[in-house]
Amino acid sequence: MVRLIVHGGAWNIPEEYHPAHVQGVRRAIETVYPRLKEGQSALDAVEAAVAMLEADPTFDAGRGAFLNERGEIELDALIMDGASLDFGAVAAVQNLLHPVSLARRIMEESEHCFLVGAGAQAFARSLGIPELKPEELLTERELEFYRAVRDDPHFKPHHPFQDGPRGTVGAAALDCAGNIAAATSTGGSPRKLPGRVGDTPVVGAGGYADNRLGGVSATGWGESIMKVLLSKTVCDLFHTHTAGEAARRGISILATRVQGMGGVVGIHKNGDYAVAHNTPKMAFAYAGEDGSIVAGIESRLRI
């Protein structure tokens with residue numbers, strides 16, 4: 001039994017962006033799931049799936065990420081191994097297409113779990129990870145959006161119903177050895193303060209994996225997700241609830257306790273998938289029992 005589920009962000013996704021979001025998450029499953037069935041590890045699978053989504057300019061991760069208040073792209077990512085509870089995280093790095101891969105190198109090739117800013121950048125250079133020119137990560141869509149909002153005194157980075165899409169990306173996987181992994185990557189919120197770090201690289205908030213429980217990747221309004229450690233909360237709920245019930249209950253806690261908005265995808269240790277959100281839309285895809293792929297953009301759920 002192997003499982004793979006991905007998301008392409010939970011917030012508002014205008015109708016004209018629906019096809020690109022669905023195609024993007026579907027492509028990640030189509031590409032990575034066959035390798036997982038052939039024996040690829042859960043860690044390799046979530047890294048590969050998230051890397052594909054980072055390279056897709058549709059999403060707010062890697063290429064296509066939002067610009068901060070200074071017009072720069074700062075990226076965050078997390079990867080976690082449910083077998084050992086090891087994790088690697090990176091925040092506020094620039095000019096890297098695949099921060100999720102840097103997060104994994106931090107986990108496996110350093111004595112640390114979490115590096116940020118200039119220190120993370122220096123570690124990436126020491127590993128020979130190539131840096132791109134800023135314009136290679138920038139899309140015309142995000143540049144136009146930044147120009148439209150940079151001087152608007154009423155703009156809020158977490159406004160839930162703005163026209164632009166939100167596209168943090170993430171994945172959870174269960175491999176043939178029974179190991180579970182999760183990964184999440186983002187460019188953060190639009191016009192954020194330089195140096196702002198949201199939930200994505202925070203273990204237990206943006207993602208969590210434990211072979212004894214399951215794996216979860218979260219997306220949405222990061223400041224609220226961190227307050228309830230949404231991914232760890234859902235994983236803990238796997239112990240006493242079905243996959244779907246745990247995800248819905250986690251989102252209910254997010255909404256009622258801190259008035260947050262977001263979504264989760266996950267895999268229960270028994271192999272059942274979990275999908276829930278309280279945002280207008282969320283792009284997601286997963287592989288079915290027969291290898292078929294389910295991909296879509298859910299309507300707002302009533303919790």
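Taking E131 and the conditions (1) modelled with pLDDT of 85 or more; (2) loosely packed, with under 14 Cβ neighbours inside 10 Å, which numbered condition does it fall short on, given that it satisfies the others?
So E131 meets the others, but not (2).
Can you list the strands (runs of 3 or more DSSP E) found entirely within the stretch 57-122 that contain at least 3 residues being modelled with pLDDT of 95 or more and in contact with a Gly (Cβ under 8 Å, 6 or more places away or on another chain)?
Hits in the stretch 57-122: 75-81, 87-93.
Name the single residue, out of those in the stretch 213-251 being of a type in the set (S, T, N, Q) and farther than 20 Å from G9 by Cβ, that is surrounded by the most Cβ atoms within 10 Å (Cβ to Cβ). Give the derivation first.
Quick first cut of the stretch 213-251, residues of a type in the set (S, T, N, Q) only: 217, 219, 224, 231, 233, 240, 242.
Narrowing further to those that are farther than 20 Å from G9 by Cβ: 240, 242.
Details: T240: 9, T242: 14.
Out of the qualifying residues, it is T242.
Only residues that are among the small types (G, A, S) and surrounded by fewer than 23 Cβ atoms within 10 Å (Cβ to Cβ): list them for the stretch 65-91, please.
G71, A83, S84
Only residues that are of a type in the set (D, E, K, R) and without any contact (Cβ under 8 Å) to a residue 60 or more places away in the chain: list them for the stretch 98-126, please.
R105, E108, E109, E111, R125
Being within 19 Å of Q23 (Cβ to Cβ) and assigned to a loop (DSSP other than H, G, I, E, B) is the filter; apply it to the stretch 259-298 and report the residue that is modelled with the highest pLDDT.
Filtering the stretch 259-298 for residues that are within 19 Å of Q23 (Cβ to Cβ) and assigned to a loop (DSSP other than H, G, I, E, B), the one modelled with the highest pLDDT comes out as S292.
Test each condition in (1) in contact with an Asp or Glu (Cβ under 8 Å, 6 or more places away or on another chain); (2) modelled with pLDDT under 65 for A148 and report the one that comes out false.
So A148 meets the others, but not (1).
So in the stretch 37-86, with the set limited to residues that are among the acidic types (D, E) and under 20 Å from N179 (Cβ atoms), which one is nearest to the chain's Cα centre (by Cα)?
Restricting to residues being among the acidic types (D, E) and under 20 Å from N179 (Cβ atoms), the top hit is E47.
Does the stretch 202-238 hold any residues that are of a type in the set (A, V, I, L, M) and over 18 Å from A83 (Cα atoms), and which are they? Give the steps one after another, and end with the answer.
To start, the set of residues in the stretch 202-238 that are of a type in the set (A, V, I, L, M) comprises 202-203, 205, 209, 213, 216, 218, 225-226, 228-230, 234, 237.
Correct list: V202, A205, A218, I225, M226, V228, L229, L230, L237.
Could you tell me which numbered condition R302 fails, if it satisfies all but one of (1) at pLDDT below 95; (2) more than 22 Å from V50 (Cα to Cα); (3) buried (at least 16 other Cβ atoms within 10 Å of the Cβ)?
Here R302 meets the rest and fails (3).
When only residues in the stretch 9-56 that are at pLDDT below 95 and in a loop (DSSP other than H, G, I, E, B) count, which is surrounded by the most Cβ atoms within 10 Å (Cβ to Cβ)?
Once the filter is applied, the top-ranked residue is I13.
The values are calculated or read from the model by the stated rules, or taken from the named source; none is laboratory data. This one's a predicted model, so the numbers in the text were calculated from it and none came from an experiment. For neighbour counting, all protein chains shown are included, and Cβ atoms are generated from backbone atoms with ideal geometry for every residue, glycine included.
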